[in-house]
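Take a look at the structure set out below.
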Amino acid sequence: MLNLRSDPLGPRTTKSISDTQRLAVNLEGLIGGWDYRTGAAYSSNQTTINYKSGYVNSDKIEQALLTDQINPFGDSPAAHGRASS
């Protein structure tokens with residue numbers, strides 16, 4: 001896994017969308033001389049994060065490393081015009 005910040009990609013921007021739902025029920029009263037009070041709650045949350053710009057695509061970096069389009073130890077072929085797009 002590659003964990004570094006690549007400044008040439010520019011500022012990182014994301015768009016997050018959250019959907020939250022909550023249901024609560026409360027019952028209270030008197031039955032047969034007994035007081036009762038009960039309740040139940042349910043909640044759910046789903047968040048989607050879309051990485052818009054400024055992030056490295058690790059799949060493309062891995063593929064470029066495996067096909068020698070990127071040389072992590074020296075000049076890459078792309079620097080000499082030998083890499084295909």
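The single condition among (1) under 30 Å from Leu66 (Cβ atoms); (2) at pLDDT 95 or above that Leu2 does not meet is (2). Contact annotation: residue pairs with Cβ atoms under 7 Å, 6 or more positions apart or on different chains, pairing a residue in the range 10-39 that is more than 30 Å from Ser53 (Cα to Cα) and without any contact (Cβ under 8 Å) to a residue 24 or more places away in the chain with a partner that is of a type in the set (Asp, Glu) and in a strand (DSSP E or B), are Tyr36/Glu28; Arg37/Glu28. Only residues that are surrounded by 10 or more Cβ atoms within 10 Å (Cβ to Cβ) and either of a type in the set (S, T, N, Q) or in a strand (DSSP E or B) (or both) were counted across the range 3-46, and they come to 4. Inside the range 49-63, residues that are in contact with a strand residue (DSSP E or B) (Cβ under 6 Å, 6 or more places away or on another chain) and open to solvent by 60 Å² or more (accessible area, probe 1.4 Å) make up a count of 3.
The values are calculated or read from the model by the stated rules, or taken from the named source; none is laboratory data. Values in this document were obtained by computation on a predicted structure and should not be read as measured data. Reconstructed Cβ throughout: ideal geometry from the backbone, glycine too, with neighbour counts over all protein chains shown. Side chains are part of the model used for accessible areas, which takes the heavy atoms of the whole protein and leaves out ligands, DNA and RNA. Shrake-Rupley method; radii C 1.70, N 1.55, O 1.52, S 1.80 Å.
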